[in-house]
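A.B. asks: What follows is a single structure, and I will ask about it in a moment.
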Amino acid sequence: MTSTKQTWQERAELQLAAQEVLYREARLLDERRFDEWLDLFTDDGVYSLPITLSDDPREPALIRDSKAGMEERVFRLTKTLAHAQNPPSRTQHDVTNIEVGDLRDGQLEVFCNQTVHEMRTGDVFHVGLAEPRLLTARCRYLFVPDSGWRIKEKTCLLIDREYPIYNLTFIF
Amino acid sequence: MTPQKFSPGRTGILDDKVGDLVIEDSGRFRVHSDIYVNQEIFGLEMTRIFESTWVYVAHESMIPNPGDYCTATIGRQPVIVSRDDDGQIHVLFNRCAHRGSVVCREERGHASTFRCPYHGWMYRNDGSLIGAAQRSGYPEDFGEWGLRLAKVPRVQSYRGLVFASVADDGESLMERLAGVRWYIDAWCDRSPQGEVTVPAGAHRYEYPGNWKMQMENGVDGYHGNYVHESFAHILERSGERNATDITRARNRVGSRNFAKGLHHGDGLLEREDGMLGTYDTRSVPEYREQIAEAYGRERMEEILTQRNIFIFPNLYLFESHIRVIRPVAVDKTYVEVYPTTLVGAGAEFNKARLREHQRFFGPASFGQPDDIEIFVCAQTGVNVDAMPWMELSRGMAREYVNELGETVSHSTDENPQRAMYREWRKWMTSEEGLR
């Protein structure tokens, strides 16, 4: 079944359901509820921030996490002294331009844009702290509606992915 | 990036005082904090170091075919590294001979000509001027004025690493690299075919701090237990290494883990057991066999010793990557991290290597961002005038000079940094640097 064969009501329902998860994800990240964020993903879920659009395995990515990698990332944020997150980032994820794509083999493709306002807390006088930054990306999600709308893929294409980035140690 | 917090630190440095910013006396070695915050010192560094010495500009694999180009900077000056139709590499200043516009605005690509966006002057990829638009406005002898994209006077490669020097003369690249060549060879020979390439993508980061923070840090074996405590706990959680073992291994005196200061300000960290816990290539039997077959067992041990190699002033060769330091301002630096592919070592092996590399390196990784955070911490701290000296004295009492003239000490010692600053002082005060 593809989106072109759906009625607009069916599409609106899918969009609303996807939007609900996307908003929830944004809030969980902004409230630093990282363990609950992990639960949004399927066990074979992938979270990636590519640098190039190439499939060449020699190409590096900013992030290419399996579920285990995501768990490691959350462990670093919550259980270790990570200097780049001490003091931690405060974030605000804004989700816009949500667009439902194809539903194929039980997986729904959803596009959206995300803008993350990020700021390290701490002493305002110090270089690098208390300075709001903007990071923005075009995102593609694969949801599995039949598994409670869990996320199988989250791919964020940062606008400045191949350019110098200061600190990406929070979760985009 | 948001604007810098501090408007440029101190200014004003008397030329004849630059040498006094590095002090070496009985058992102590210190550098003055002005070198991280003073605008004029930064300006002098650009002309006397970056625009006087050999600097790394590109890897040959970034421009494999005739017509390929990439851009770079030498100090503050933009350049194009181009491979002409005959395969020869040129480093051309990216400036139209007419009215100063850059002629190439992409970072990488393929072009047989460069066209100035202002008045359409055209140049070949060897820099020669094809022609000016509406040529009739110039006299007959226009072609003899010598107008072209100016060439960086000296360009030489060693094992795929392209270096350039803005100085018209001076020692050759081979003379310059004499003290570090053996280590470059070992680094390249991690490929069973002796060939290393870089992919199209790279990790790049910027930080609001001085470039020398990165210069000092890559061969600093002292910070690991403190800055990378987070990574040690990650390795412990995954069952790869015990965090306490990592700490002990780094502290152990009498191990075969060395810091070395080389000639020309180069230096390295050499560790027999690559203590980071990143993908340990030595533990992959098929790879070991390949290296042993290609170079022999004895050489294999030399090749597979983990090293962080610094080549003054802007290049690092790490086990997994090439790192380039690009100073932007006294308190702003770009760093580029190009993960390498070891040609002939197999796709799966290289893939696993890259995966582990990304775990520690890059702006979203679990290691490198913690280093950068420290550079930034220091950039605020060095504004304190009450204690303006940086102590780089660690290990001075136990270092020794080996038969090659290298200073050798425990891997946590600061002898590589002392080598850097002796070289820094040499160029900042020498006649050669004063050109």
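A.B. asks: Per residue of A:126-134, what is the mean number of Cβ atoms on other protein chains within 10 angstrom of that residue's Cβ?
C.D. replies: On the way: counts 6, 15, 14, 4, 2, 6, 1, 2, 1.
Neighbouring Cβ atoms belonging to other protein chains average 6 per residue here.
A.B. asks: Quick one: angle between helix B:347-360 and the longest Cα principal axis of chain B, in degrees between 0 and 90, rounded to 10, please.
C.D. replies: 80
A.B. asks: How big, on average over all directions, is the shadow cast by the Cα convex hull of region B:178-429, in nm²?
C.D. replies: 14.3
A.B. asks: Further, regarding this structure: Cβ neighbours within 10 Å, averaged per peptide: list A:121-129, B:150-158 in order, most packed at the top.
C.D. replies: Values: A:121-129: 14.9, B:150-158: 16.9.
Descending packing order for the listed peptides: B:150-158, A:121-129.
A.B. asks: I'd like the distance between the alpha-carbon centres of region B:199-226 and region B:76-149, rounded to an integer number of Å.
C.D. replies: Between the Cα centre of region B:199-226 and that of region B:76-149, the gap is 35 Å.
A.B. asks: Please give me, ordered by residue number, the trypsin sites (Lys or Arg not before Pro) of region B:232-276 that lie in loop per DSSP and have at most 11 other Cβ atoms within 10 Å.
C.D. replies: When the trypsin sites (Lys or Arg not before Pro) of region B:232-276 are filtered for loop state and at most 11 Cβ neighbours within 10 Å, B:Arg256 remain.
A.B. asks: Below 8 Å, C-alpha to C-alpha, sequence gap of six or more: please give me the relative contact order for region A:1-71 in percent.
C.D. replies: Relative CO of region A:1-71 lands at 22 percent.
A.B. asks: Within 10 Å of each Cβ in peptide B:331-343, how many partner chain Cβ atoms are there on average? Round it to a whole number, please.
C.D. replies: 1
A.B. asks: Another question, then. If one computes the Cα centroid of region B:14-34 and of region A:121-172, what distance in Å separates the two points?
C.D. replies: Taking the Cα centre of each part, region B:14-34 and region A:121-172 sit 43 Å apart.
A.B. asks: While we're looking at this one, here's another question. Rounded to a whole number, what is D in µm²/s for the protein assembly as shown from Stokes-Einstein with the Kirkwood radius over alpha-carbon pairs (25 °C, 0.890 mPa s)?
C.D. replies: Details: Rh = 26.2 Å.
The calculation lands on 94 µm²/s.
A.B. asks: In angstroms, what radius of gyration and Dmax does region B:55-158 have, counting Cα atoms only?
C.D. replies: Every Cα atom of region B:55-158 included, Rg and Dmax give 13.7, 45 Å.
A.B. asks: Helix B:285-295 versus the longest principal axis of chain B: what angle, 0 to 90°, nearest 10, using Cα atoms?
C.D. replies: Roughly 60 degrees between the two axes.
A.B. asks: Can you tell me which lysines have their Cα less than 29 Å from the Cα of A:Lys152? Leave out same-chain residues fewer than eight positions away.
C.D. replies: Within the straight-line cut-off, A:Lys152 pairs with A:Lys5, A:Lys67, A:Lys79, B:Lys351.
A.B. asks: What does the convex hull of the Cα atoms come to per residue for chain A, in Å³?
C.D. replies: 124
A.B. asks: Here's something else I'd like to know. Using a cut-off of 14 Å between beta-carbons, work out the net charge of the residues near B:Gln214 (Lys and Arg +1, Asp and Glu -1, B:Gln214 not included).
C.D. replies: Taking every Cβ under 14 Å from that of B:Gln214, the sum is -4.
A.B. asks: Sticking with this structure for a sec: Could you work out how far helix B:415-429 tilts from the main Cα principal axis of chain B, as a 0 to 90 degree angle to the nearest 10?
C.D. replies: 30
A.B. asks: Taking Cα atoms of region B:351-425, Rg/Rh with Kirkwood Rh, to two decimals?
C.D. replies: 1.09
A.B. asks: Can you give the mean number of other chain Cβ atoms that lie within 10 Å of the Cβ atoms in peptide A:48-54?
C.D. replies: Per residue, the number of nearby Cβ atoms from other chains is 3 on average.
A.B. asks: Now, a different point. Under the definition of Cα pairs under 8 Å and six or more residues apart, what whole-number percent is the relative contact order of region B:42-151?
C.D. replies: So the answer I get is 20 percent.
Computed from the coordinates by the stated procedures, all read-outs in this text should not be read as laboratory data. These figures come from a predicted structure and were not determined experimentally. In this analysis, Cβ positions are derived from the backbone assuming ideal geometry, glycine residues included, and neighbour counts consider all displayed protein chains.
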